[in-house]
Structures are given as structure tokens and as C-alpha cells.
Amino acid sequence: AFAAITQENARRGVTALLATVATAPIPHLVECMNFCRGWMHEPRGGARILGVHLESPYINPAYKGALNPQHIRTLDDGTPDILLQHDDVLKIMVVAPELPGALELIARLDQLGIIPAAGHSAAKDEDVLAAMKCGLRHVTHLWSAMSGTVREGPWRKPGLLEAALVFEGLTVEMIADSQHIPPTLMKLAYKCIGADRLCAISDATGGAGLPQGARFMMGGMEYEVRDGVGMKLDHTALAGSATLLAQMIPVLTNVVGIPLTEAIRMVTLTPARVLGVQNRTGSLAPGKDADLAIFDVDFNAWRTMIGGQWLD
């Protein structure tokens, strides 16, 4: 599967990616990280894997989205120690910052050089501020599986969504397939956050590239491709995108109205800076990896170069 994923992404113009893993049994997560470690250290064709992005078990069940609730865990069961042993490959871990023990985990992640990301969360803005003091600096897929403003009596309490839009110390992800988020909300995110802190991401799952109605597995659950996205079989929640990253650039430019240079930055240099790899990739400059994709006017990939080698 890794060969198919990396080769198809490269064929579509993606030169590097994070292996993103949904909630699953802890042994499965460990197995995946061990496999990624071996993959990363051997020359292979296809897009390079820069590490693992874990949509971890430590999320709020009320905001599980399409993730398998059977694998959600509490932070006091000892499993964080198991996962953090893999800090050499684990690059981003999603955590709900309002959970008991979350601030301690966020501080540990920050100390290990792993990016703590808020997501699948019922956090209020005060929870986000407390987490930022412990090292939180990133927010996963804006609007998807996160809290917004609620009323507590007569008072309005902003949630994770509003915090992501206004707190300048955070970088933010946005799924740019025009299905997860309608154009008006994508425009709002761009106007509030800007291309230097807003990453456009694919959130692509096993349904990417499959036809309408095709079924795929994720985290022990079955999903189907419907209207260009992954979806739970009961159609109550989206389950990732069926669109790869390069095909989202026309959405950013033609639908949202973002200038092409800034749209490109949102899928290249900005995510590279989030990961701390901007000195080797994310833009073309002397001394950086020779990663290059050439597209036609409709952003179909024509040729892709990875590490100075053109792919067949």
C-alpha cells in the first residue's frame, strides 16, 4: 500500500508527505511507525515520507467525526509513553487540549520536538490559550470535528474554531477539496489567517482515486466514496477526502479566489515551515532538495522530480 500511495502522489505532483494514521489499536499504531521508519531510511521511488502524523486516540468522543470510537483512549492509561518512544518518526500528534492530562502531554510533545496539534476537540478559547502556553502551535483540519462558539447562559464562549482564526501563534490546516468546507468559509479562513500560517491539506484517505460508491477500510471501519469524499456508510460524517493535493490548487485559485503564488505557498513552503523542514524543501533555492513538479494549465501533473531525479 505504501508503494501505491507514494507513487500515485508523485504521479500527481506531490513530492513529500506525512503518513497520516487514524485512531487504531496501540499495537497497530506502533507497527505503522516502525514500518515508516524503515521506509524513510531506504531510497524508494515515489513521494518521500517525512514522518508520521497521528490523529491520536486522545481526542474528545463528542468530536470523533468519522474516527472509530472503539480506539479512543484516556491519557492516564500509560499508552502515551509507548507512542512517544517513536519521537524520531512521529512529527505531529493531534490532541484535544481540554482533556484531563492534555496539557502535560502537549508539553512533553513540545520538548521532544513533536508538533502538538489541537483537533477533534470541544476546547474553548481559554483551553487553547492554556495549551499554547505549554507548546501547542498547530490546529488540524479547520471546521472539521472541532468546537465553535456556544452559549453558557447569556454568555457566548468561543471554541477551537474561533481560536484558530484569531490566535496568531497558531498554524492551521484547511481541507481544500470544496466539499469539507464551502467556499465562503475557505475565504473566511484565508482572510483571517493568511497564506503564511494556513496550510491547504488533502486529508486523503484510502478512498482517494477510487470511483463513486467504492468502499475502503480505515481504523477497522468501512467507509465509501461519495461525492468526492470519504463518508461513513450511514452518511452522517465525512471520512477524509478522495482528492489529492495538487487537484486542490484550482479550488484555492478559481473557487476561493486566492492568488496563485499564495495558493502554491499554502501547499509547499507553509507546511514545510510547520514541519521545520523549510531548509531542505518547500521552495526552490540553492542547497535545497531538487523537488519539482510541472503542471499543465489545469494542474494535471506533467512531470515530477524528487531528489534531482525525474520520475517515469
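The values are calculated or read from the model by the stated rules, or taken from the named source; none is laboratory data. No experiment lies behind these values; they were computed from the predicted model shown. FYI the Cβ positions are ideal-geometry reconstructions off the backbone, even for glycines, and counts take in every protein chain you see.
Evaluate region 246-261: report whether one residue or more is part of a strand (DSSP E or B) and out of contact with any Leu (no Cβ under 8 Å at 6 or more places or on another chain). Don't jump to the end; show me each part of the working.
Initially, region 246-261 is screened for residues part of a strand (DSSP E or B), giving none.
No, region 246-261 contains no residue that is part of a strand (DSSP E or B) and out of contact with any Leu (no Cβ under 8 Å at 6 or more places or on another chain).
The listed residues are Gly45, Gly65, and the only one of them that is modelled with pLDDT under 95 and either more than 23 Å from Thr236 (Cβ to Cβ) or touching a helix residue (DSSP H, G or I) at 6+ places or on another chain (Cβ under 6 Å) (or both) turns out to be Gly45. Here Thr243 fits the description: of a type outside the set (A, V, I, L, M) and either under 22 Å from Gly207 (Cβ atoms) or in contact with a Cys (Cβ under 7 Å, 6 or more places away or on another chain) (or both).
Can you go through Thr243, Thr253, Thr270 and tell me which one is surrounded by 15 or more Cβ atoms within 10 Å (Cβ to Cβ) and over 19 Å from the mean Cα position of the chain (by Cα)? Before the answer, list the steps.
Numbers: Thr243 fails: over 19 Å from the mean Cα position of the chain (by Cα); Thr270 fails: over 19 Å from the mean Cα position of the chain (by Cα).
Within the list Thr243, Thr253, Thr270, the selection yields Thr253.
Determine whether Met248 is touching a residue at least 12 places away in the same chain (Cβ under 8 Å), buried (at least 17 other Cβ atoms within 10 Å of the Cβ) and more than 21 Å from Glu8 (Cβ to Cβ). Criteria not met by Met248. Looking only at region 265-312, which residues are in contact with a Ser or Thr (Cβ under 8 Å, 6 or more places away or on another chain) and assigned to a loop (DSSP other than H, G, I, E, B)? Passing the criteria: Thr268, Thr281, Gly282, Ser283, Lys288, Asp289, Asp291, Leu311.
Every condition in (1) more than 20 Å from Met174 (Cα to Cα); (2) surrounded by 13 or more Cβ atoms within 10 Å (Cβ to Cβ); (3) over 21 Å from the mean Cα position of the chain (by Cα) is met by Thr281 except one, and the failing one is (3).
Would it be correct to say that Thr304 is modelled with pLDDT of 95 or more, of a type in the set (Ser, Thr, Tyr) and either closer than 27 Å to Ala189 by Cα or in contact with a Cys (Cβ under 8 Å, 6 or more places away or on another chain) (or both)? So that I can check it myself, show each step before the final result.
Working: modelled with pLDDT of 95 or more: yes; of a type in the set (Ser, Thr, Tyr): yes; either closer than 27 Å to Ala189 by Cα or in contact with a Cys (Cβ under 8 Å, 6 or more places away or on another chain) (or both): no.
The answer is no for Thr304.
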